[in-house]
Structures are given as C-alpha cells and as structure tokens.
Amino acid sequence: YFLMGCAGSSPAPAKSDKPNPVATFETSLGTFKADIYLDRVPRTASNFIDLAQSGFYNGIHFHRVIPGFMNQFGCPYAKDANSNRAGTGGPPDGEFTNLATGAAEKRFNGGNIKDENISKDTNKPGSLSMANTGQKDSGGSQFFINVNNNSNLDWFSSGPSKHPVFGQVTESYDLCVKISKVPTTNDNPKTPIMMKSITISGV
C-alpha cells in the first residue's frame, strides 16, 4: 500500500505531493491544529473535512475527557453540554465527496461511514482517531484525541477495539493534555469546553 519513492523511480500517478490539509480547532480554552491524513485514509479524512466545512462541529462540547487517555468529541447531542444522550449521536445520512478520488461516499444508518482500515497509524499522543460502537461501519462524526500511547485501540492490534487514526496534532498539543485534565463528573467536563469552529486549509 505504501509507495516509497527513490532516486530514478517514476512517481505513482495517483499519489499527490500536495501537503495534507490542516484543521484549526478553535475551542473555548484555546486553539490547536492538526494535519488531516487525506493521503492515508481519504474516505475518513474527507468525511471529517466535509463535516467541519459544513459547520457541523460548531458549538459542540467535549463530552468525555479522561486524563492519561483521550478527549472525545463530535456528538451533535453534546451541543447541550449536559445531555445524557451525548456520545450516542452522529451526522445526518447523505453523501460527501472523497477529496482524493472524487468519488461519492455515503453516510448511512445514522450517519456512519464505511470503515477504512488501510493505514497502520498507531493511536499515539496527539493522534486523531475515529470513535465507533465496536460494530463494523459504525464511525460517523465522533472522534477522539489521544493523550497517551493507546496502541491497544489500533485497528491492526489483536484487541477488540478498532479505531483508525486520521490525523495528528501539530500545534498546541499541550492544550489537548490540559483539556484531558479538567475536573469532570462521569468524564464530562464540569465547566463545558465548546468547539467554536473547525476550519480547514489546504484542500
């Protein structure tokens, strides 16, 4: 799957040398940035970019933060910071464009996309990874930011959890750690942490 270029080799025609898109996450506690792996997991990355560009994530709160583990985000029910349905929602069914291939991709059965377990990127600190229910093709809008080495969550690990990584924090990772350590009740921040906006550059 990975194409390694070397001197004198002809580049693969489908592989773009264009840098990956960058997402800027503006939260109520500050701003961090991440590279989005459009080159590695194009369906998953395109789904995230489409949701971000549509404003889907604006006003949603982090609903589950655990120090030494991760911060989870992206459930539409968490626009209400105290919703007991937070963590159970997804985006509307519909279509979006795979930005790498131009193909139409579908969201189905509650806004889920097809699993894209093709790139062996581990759930390391600062990585963005798809949340799911544990069932096949159950990822939608929810994702988490790892603040530890959580390789047991890798889709290519031997464990039951299968969470593909689709990006990596490149600026202000310390803010992600700070978010993970705020006071919580049942893992939900006592003082709500809102995502004001996610903007995408380089697409």
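Considering the stretch 86-140, the residues that are free of Cβ contacts under 8 Å to residues at least 12 places away in the same chain and closer than 30 Å to ILE179 by Cα include one that is surrounded by the most Cβ atoms within 10 Å (Cβ to Cβ), namely THR133.
For VAL65, the conditions (1) touching a Pro at 6+ places or on another chain (Cβ under 9 Å); (2) open to solvent by less than 10 Å² (accessible area, probe 1.4 Å); (3) hydrophobic (A, V, I, L, M, F, W, C); (4) outside any strand (DSSP E or B) are fulfilled apart from (4).
The values are calculated or read from the model by the stated rules, or taken from the named source; none is laboratory data. Note that the structure is predicted; figures quoted are calculated from it, not measured. Backbone-built Cβ (ideal geometry, glycine too); neighbour counts: all protein chains shown. Accessible surface is based on the protein model in full, side chains and every heavy atom, while ligands, DNA and RNA are left aside. Shrake-Rupley method; radii C 1.70, N 1.55, O 1.52, S 1.80 Å.
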